[in-house]
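Right, one structure below, let's go through it.
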Amino acid sequence: MKTTFTYTITPADAGKKISQFLSEQGYSSRLRLHLRTTPDCIFIGETSVFSNRILEDGDILRVELIEKKGSDAIIPVPMNLDILFEDDHVMVINKPAGMPVHPSQGNYGNTLANGIAAYMENKGVDFVFRAVNRLDRDTSGLLVIAKHMLSSCILSDQVKDHAIHREYAAIVCGKTDTYGTINAPIARKDGSTIERVVDHEHGESAVTHYKTLSYNEQTDLSYIRLLLETGRTHQIRVHMKYAGHPLPGDFLYHPDYRYMERQALHSVYLKFTHPITKEVMEFHAPLPDDMAALFPDISDQKKEVFT
């Protein structure tokens, strides 16, 4: 698998080492190491060069990202994928509930990775599956896939720098405050490999903001939007339970299935800078039917609620 990038060197970048220039373009230290240890992947014109070469004004720098191994262990399984955007660098997908993102024990053929593998195979394209953000199996909504090493490391840096704006929609039990912030550290529950709890002694910092958009007195359920400052496992589910407002249908933290058969959580809004074109990208995934049925009159904003 090979992805090629070409750069025309201007006076502003003349005199820099190739490695410095690539770092400024978003190439991570790990990716630059990959280039240093892979023969014939950096060129000036048609001449193969090393990354310590000094750039000159007018140079045509070509970088070939070569991956010898794909995601061959992922079995291609044809699926109907809701692809909201795709180019040579990125895919944005609206994932349904009930679909794991990655294969794991007991989930070898029913994951998003399997569906992407089949999709790419049908296009005749080799691929390495790289999900930029993670969603639990039963959480629906927006998910970003990086299609090569460079977009992956740039988007991963955006995640680390909190530069990807992600908002979630949730339905929770009880009447929530109009606005709220939950600042409570989260740790793995003793004796469990899956379940998390608020643990002020051993937990990692976790902060969740929420805003209430609607309350249904008949069902005693609130519809809220959420913004995470941190990305701990099960953060929204754990924090809302801790606050006394668990998500209905949550098999781990509130297995009450009167209203939902899965946790009422949806990745509804996403904004990020395209890793290559630098264009600001915005996406909105409408509420899935099971959540929308509980708040049929809600006017779900297609823009961010937290600005």
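Computed FRET efficiency, Cβ-Cβ of Asp199 and Glu46, R0 45 Å: what is it to the nearest 0.05?
Details: r = 59 Å, r/R0 = 1.30.
Efficiency at R0 = 45 Å is approximately 0.15.
At a Förster radius of 51 Å, what calculated FRET efficiency corresponds to the Cβ-Cβ distance of His162 and Lys16, to the nearest 0.05? Could the numbers behind the result be given before it?
On the way: r = 29 Å, r/R0 = 0.56.
Calculated value: 0.95.
Any idea what the dipole of the range 145-226 comes to, in debye rounded to 20, about its Cα centre with Lys/Arg Cβ at +1 and Asp/Glu Cβ at -1? Mind dumping the intermediate values first?
Numbers: 9 positive and 11 negative charges, 65 e Å.
Roughly 320 debye, rounded to the nearest 20.
By what distance, in whole Å, do the Cα atoms of the range 111-242 stretch along each of the three principal axes, largest value first?
So the three principal-axis extents are 52, 38, 31 Å.
Pairs of alpha-carbon atoms within less than 8 angstrom and 6+ residues apart define the contacts here; what relative contact order does the chain have, in percent?
Numbers: 626 pairs, mean separation 42.8, N = 307.
For the chain, the relative contact order is 14 percent.
Magnitude of the Cβ-charge dipole of the range 2-66, K/R +1 and D/E -1, about the Cα centre, nearest 20 debye? Could you put the intermediate results ahead of the total?
Numbers: 8 positive and 8 negative charges, 71 e Å.
Its charge dipole is roughly 340 debye.
For Cα pairs less than 8 Å apart in space and 6+ apart in sequence, what is the mean separation divided by the residue count of the range 2-66, i.e. the relative contact order in percent?
Numbers: 101 pairs, mean separation 34.8, N = 65.
That works out to 54 percent.
With 28 Å as the limit, write out which pairs from Lys147/Lys211; Lys95/Lys160; Lys211/Lys271; Lys95/Lys278 have Cα-Cα distances beyond it, or answer none.
Working: Lys147/Lys211 34 Å; Lys95/Lys160 23 Å; Lys211/Lys271 18 Å; Lys95/Lys278 25 Å.
Pairs exceeding the cut-off: Lys147/Lys211.
With label points built 7 Å along Cα→Cβ from the Cα atoms of Asp126 and Asp177, find their separation and express it in nm.
Rounded to a tenth, the inter-label distance reads 5.4 nm.
Can you pull the one-decimal nm distance between simple spin-label points at Thr219 and Thr307, each 7 Å off the Cα toward Cβ?
2.9
Taking neighbour Cβ counts within 10 Å as the exposure measure, how do Lys68, Lys16, Lys160, Lys147 sort from fewest upward? Intermediate results must be reported in sequence, preceding the final value.
Values: Lys68 6, Lys16 15, Lys160 10, Lys147 22.
Exposure proxy ranking, most exposed first: Lys68, Lys160, Lys16, Lys147.
Compute, for the chain, the length of the dipole vector about the Cα centre, with Cβ point charges of +1 (Lys, Arg) and -1 (Asp, Glu) only. Units Debye, rounded to 20. It would help to have the intermediate numbers written out before the result.
Working: 33 positive and 40 negative charges, 113 e Å.
For the chain, the charge dipole is close to 540 debye.
With the chain treated as a Gaussian network of Cα nodes joined by springs under 10 Å, which of Thr233, Thr37, Thr212 yields the largest mean-square fluctuation?
Ranking Thr233, Thr37, Thr212 by mean-square fluctuation puts Thr37 first.
Kindly state, to the nearest 0.05, the FRET efficiency for Lys211 paired with Asp87, given R0 = 41 Å and r defined as their beta-carbon distance.
Details: r = 33 Å, r/R0 = 0.79.
According to the calculation, E is roughly 0.80.
We did not get these values from a lab; they are worked out from the coordinates using the rules stated. Source: prediction; values computed, not measured. For neighbour counting, all protein chains shown are included, and Cβ atoms are generated from backbone atoms with ideal geometry for every residue, glycine included.
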